[in-house]
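Structure first, commentary second.
The values are calculated or read from the model by the stated rules, or taken from the named source; none is laboratory data. These figures come from a predicted structure and were not determined experimentally. For neighbour counting, all protein chains shown are included, and Cβ atoms are generated from backbone atoms with ideal geometry for every residue, glycine included.
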Amino acid sequence: MAEAKKRYAVVTGANKGIGLETVRQLASNGITVVLTARDEKRGLEAFDKLKESGLSGEVVFHQLDVADPASVASLADFIKTQFGKLDILVNNAGIGGVILDADAFKASENSGGGEGANIDWTWTKFLTETYPLTEECLQINYYGTTRTAEALIPLLQLSDSPRIVNVSSSSGKLANIPSDWVKGVFSDSEYLTEERVDEVLTQLLKDFKEGSIESKGWPVFPAYRVSKAAINAYTRILAKKYPNFRINSVCPGYVKTDINFNTGILSVAVGAASVLKLALLPSDGPSGLFVRSEVSCA
């Protein structure tokens, strides 16, 4: 009977930052967690750290590259064989879609650039965006989320309390996207579909390649912002499709992690707590929402 009530979770992109801390907090609640990472060496190192803290019995490692369909299928087969079901999926894997000139950025900080200053104006001159980086960002942040969810939903359907948490960002709020067309597609609750989201992302890539990002109304850092807006839209699509699930996206706050070059103001423990709250929602909890951290969201 105890085994039947055992809960199982997957956290993607979990070898560091919010992902790793989410694994720690879920495992501390007695949930068996599959810690996944694209880089197997780094994933195993993270797993060993948790082992040293006494959580080895609640955590297992499995390599996962969310951009690789074969890797996602391998994870699904592993969970089916080992556990027979899944209760919680945390889609945390993500990248920024830019390259930072670290030396110039550090020099600016040392001269008074200021931690926590406005990201758009403070960082723009130190960042490089390219078409390959933009394409990779969309593939990992958005399509990695959808690919993983689709592969694991059949296992979540075997749970008495299926939960999906998509880690997003307030950077993806529609208020941050100038294009009325994009806002119209993503805010259309009645006719929103994955196909329409695909249209937006395809257009973004086309406009980036043609050098018309600004004239077409795309935001600063378009790959990251639009990928997160797309995740929020996808969350609503899934919640509508699976009404017995609790499916939400969350901005965990401006957390000090590699994705913001460690300029955040919150600890990973605070950020992961927002994720945990949604992962452990009661059956009558909300679904289809974008939830912002009560502490701080950038």
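What number goes with the only condition from (1) surrounded by 15 or more Cβ atoms within 10 Å (Cβ to Cβ); (2) at pLDDT 95 or above; (3) in contact with a Phe, Trp or Tyr (Cβ under 7 Å, 6 or more places away or on another chain) that residue 131 does not pass?
With respect to (1) surrounded by 15 or more Cβ atoms within 10 Å (Cβ to Cβ); (2) at pLDDT 95 or above; (3) in contact with a Phe, Trp or Tyr (Cβ under 7 Å, 6 or more places away or on another chain), residue 131 is out only on (1).
Every residue, every condition in (1) over 24 Å from residue 195 (Cβ atoms); (2) crowded, with 23+ Cβ neighbours inside 10 Å, yes or no:
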{"site": "215", "(1), (2)": "yes, no"}
{"site": "224", "(1), (2)": "no, yes"}
{"site": "230", "(1), (2)": "no, yes"}
{"site": "246", "(1), (2)": "yes, yes"}
{"site": "249", "(1), (2)": "no, yes"}
{"site": "253", "(1), (2)": "yes, yes"}
{"site": "256", "(1), (2)": "yes, no"}
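Which residues, counting only those in the stretch 200-239, are farther than 22 Å from residue 92 by Cβ and of a type in the set (Ser, Thr, Tyr)?
202, 212, 215 - these are the residues of the stretch 200-239 that are farther than 22 Å from residue 92 by Cβ and of a type in the set (Ser, Thr, Tyr).
Could you tell me which numbered condition residue 281 fails, if it satisfies all but one of (1) within 21 Å of residue 11 (Cβ to Cβ); (2) assigned to a loop (DSSP other than H, G, I, E, B); (3) modelled with pLDDT under 75?
Single failed check for residue 281: (3).
Return a yes/no flag: does the stretch 242-252 have any residue that is more than 23 Å from residue 227 (Cβ to Cβ), assigned to a loop (DSSP other than H, G, I, E, B), at pLDDT 75 or above and hydroxyl-bearing (Ser, Thr, Tyr).
No, that holds for no residue.
Those residues that are of a type in the set (Ser, Thr, Tyr), surrounded by 14 or more Cβ atoms within 10 Å (Cβ to Cβ) and either part of a helix (DSSP H, G or I) or touching a Ser or Thr at 6+ places or on another chain (Cβ under 8 Å) (or both), I need them from the stretch 149-190; list them, please.
Within the stretch 149-190, 161, 168, 170, 171 qualify.
Output the number of residues of the stretch 16-56 satisfying the condition of being polar (S, T, N, Q) and buried (at least 24 other Cβ atoms within 10 Å of the Cβ).
So the answer is 2.
Given the criteria within 20 Å of the chain's Cα centre (by Cα), closer than 20 Å to residue 203 by Cα, modelled with pLDDT of 90 or more and not hydroxyl-bearing (Ser, Thr, Tyr), does residue 150 qualify?
Spelling it out, it is not the case that residue 150 is within 20 Å of the chain's Cα centre (by Cα), closer than 20 Å to residue 203 by Cα, modelled with pLDDT of 90 or more and not hydroxyl-bearing (Ser, Thr, Tyr).
Please identify the pairs in which a residue from the stretch 169-190 that is over 13 Å from residue 222 (Cα atoms) and free of Cβ contacts under 8 Å to residues at least 60 places away in the same chain has its Cβ atom under 7 Å from the Cβ atom of a residue that is in a helix (DSSP H, G or I) and of a type in the set (Val, Ile, Thr), counting only partners at least 6 apart or on another chain.
From residues that are over 13 Å from residue 222 (Cα atoms) and free of Cβ contacts under 8 Å to residues at least 60 places away in the same chain, the pairs are 185/200.
Out of the stretch 65-100, which residues are outside any strand (DSSP E or B) and aliphatic (A, V, I, L, M)?
66, 67, 70, 72, 73, 75, 76, 79, 86, 93, 95, 98
Condition first: of a type in the set (Lys, Arg), in contact (Cβ under 8 Å) with a residue 40 or more places away in the chain and in a loop (DSSP other than H, G, I, E, B). Now tell me which residues in the stretch 191-219 satisfy that.
none
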